[in-house]
Amino acid sequence: MIRQRLLTLGSGNSSTNSLYSFRYFTSSSYLCDKATIGGSLGSESNRTHYSSEKETHFGYETVSEQEKAHKVKAVFENVAKTYDIMNDVMSIGIHRVWKDIFIQRLGPGNRTKLIDVAGGTGDIAFRFLKYAKVKPDFSFNPLIEANLFTVKEFSTNQRPENEVEAMQQAASESNPQPPKTYENTLTRSVLVCDINPKMLDVGKERSKTILTHCQRNRIDWMEGDAENLPTIPDNSFDAYTIAFGIRNCVHVDKVLEEAYRIIRPGGRFMCLEFSHVTNPAVKWAYDQYSFQMIPVMGQIIAGDWDSYQYLVESIRKFPNQVSYIQSYVRLFTWVY
């Protein structure tokens, strides 16, 4: 029996009065059938194509799909250097709390493999790598793994009893090995994917001061389009995140198709995005702030009014929480 359903969607805060929301699906290894309307997921026939004739929206402006793709890329090229500063200013730092909660909801394990799409400056990836599980793997004992308080550790300070021990002790003292720690026993890794190389450049530079050497060894960067990731094999990642990025994509359905293709059975898709406000008083205040203040801040701090005018308009044009779910439920077919 075949049914269409939305892959167990959940929400960290799906209240229609919230300014942001979480969305994730869990794909069960014994239920999935990756058939979709219009062809198989990730097939060549479904690869990204931006039409010069089909119309879509760029904020409140009606443009061709091809034009939107170019305009969105230009927006983030313009704001890349001040992107993180503007996020702090516009949200009064609250975006940091949203992202912290987002990663807590993901709850990555010690060996989780993540792809963070539209993750340019690295905010989600850095939190993912620095996240400390409240309950580490039961098999992990940090004292034992770090070789703390063991006979072997203390024996290096003892007098060697023969020539062989003397040679071994001399070699270990001349070439000491760094002690194992909880951090460097992790194999958790992340691939940051973004269509804009300038955003990635900012993220790489930030990683030098935010991440440790060990953490930097577990992060990779890739320029790529969320709608078309042909170099990534099927079932490659345990989790897929996209934060404040999906509304900028031309074909949201293709983004979800690619996400579903590259997530392993049992993996999770999580989306952090702005929501619509339904409380009339809060909505009025939010609209006044968005349209009267944010473009002005963009002009003063980033020297760019238009990009931040697009930002507030794109939030209004993106479907609300309920519509977002209902619009894309048809994309996934499950077999029982």
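Could we say that Gln299 is open to solvent by 60 Å² or more (accessible area, probe 1.4 Å), over 27 Å from Asn196 (Cβ atoms) and over 14 Å from the mean Cα position of the chain (by Cα) here?
Values: open to solvent by 60 Å² or more (accessible area, probe 1.4 Å): yes; over 27 Å from Asn196 (Cβ atoms): no; over 14 Å from the mean Cα position of the chain (by Cα): yes.
No, not satisfied.
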Scanning the range 63-80 for residues that are assigned to a helix (DSSP H, G or I), over 21 Å from the mean Cα position of the chain (by Cα) and more than 16 Å from Gly298 (Cβ to Cβ) gives Glu65, Gln66, Glu67, Lys68, His70
Any pair with Cβ under 7 angstrom, 6 or more apart, that starts in the range 186-212 at a residue that is acidic (Asp, Glu) and ends at one that is part of a strand (DSSP E or B) and open to solvent by 60 Å² or more (accessible area, probe 1.4 Å): Asp194/Glu223
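Report yes if some residue within the range 137-151 is touching an Asp or Glu at 6+ places or on another chain (Cβ under 7 Å), modelled with pLDDT under 90, over 30 Å from Pro295 (Cα atoms) and surrounded by fewer than 15 Cβ atoms within 10 Å (Cβ to Cβ); otherwise report no. First the steps, then the outcome.
First pass over the range 137-151, keeping only residues touching an Asp or Glu at 6+ places or on another chain (Cβ under 7 Å): 147.
From what's left, modelled with pLDDT under 90: 147.
Still in the list and also over 30 Å from Pro295 (Cα atoms): 147.
Filter again for surrounded by fewer than 15 Cβ atoms within 10 Å (Cβ to Cβ), leaving 147.
Yes: one or more hits.
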Need pairs with beta-carbon distance below 6 Å; first residue more than 23 Å from Pro108 (Cα to Cα) and within the range 219-248, second assigned to a loop (DSSP other than H, G, I, E, B); sequence gap 6+ or separate chains. Asp225/Thr48; Asp225/Ile195; Glu227/Thr48; Glu227/His251; Asn228/Arg47; Asn228/Thr48; Arg247/Phe318
Search the range 247-280 for residues being more than 28 Å from Thr62 (Cα to Cα) and in contact with an Asp or Glu (Cβ under 7 Å, 6 or more places away or on another chain), and hand back the single one that is surrounded by the fewest Cβ atoms within 10 Å (Cβ to Cβ). Arg264
Take Asn248 and decide whether it is of a type outside the set (Asp, Glu) and closer than 23 Å to Glu65 by Cβ. yes
Candidate set from the range 62-103 (those that are of a type in the set (Asp, Glu) and without any contact (Cβ under 8 Å) to a residue 24 or more places away in the chain); member that is least open to solvent (accessible area, probe 1.4 Å): Asp88
Answer yes or no: is there a residue in the range 281-292 that is at pLDDT 90 or above, on the phi < 0 side of the Ramachandran plot and buried (at least 18 other Cβ atoms within 10 Å of the Cβ). yes
His57 meets each of (1) open to solvent by less than 30 Å² (accessible area, probe 1.4 Å); (2) under 30 Å from Met297 (Cβ atoms); (3) modelled with pLDDT under 75 with one exception, condition (1)
Can you pull out every residue in the range 302-325 that is surrounded by fewer than 18 Cβ atoms within 10 Å (Cβ to Cβ) and of a type in the set (S, T, N, Q)? Asn320, Ser323
Does Ile115 qualify as being free of Cβ contacts under 8 Å to residues at least 40 places away in the same chain, under 14 Å from the mean Cα position of the chain (by Cα) and open to solvent by less than 10 Å² (accessible area, probe 1.4 Å)? no
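The values are calculated or read from the model by the stated rules, or taken from the named source; none is laboratory data. Fair warning: this is a prediction, and the values are worked out from it, not measured in the lab. All Cβ positions, even for glycine, are placed from backbone atoms using ideal geometry, and neighbour counts span all protein chains on display. We work out accessible area using only protein heavy atoms, side chains counted, and drop any ligands, DNA or RNA first. Shrake-Rupley method; radii C 1.70, N 1.55, O 1.52, S 1.80 Å.
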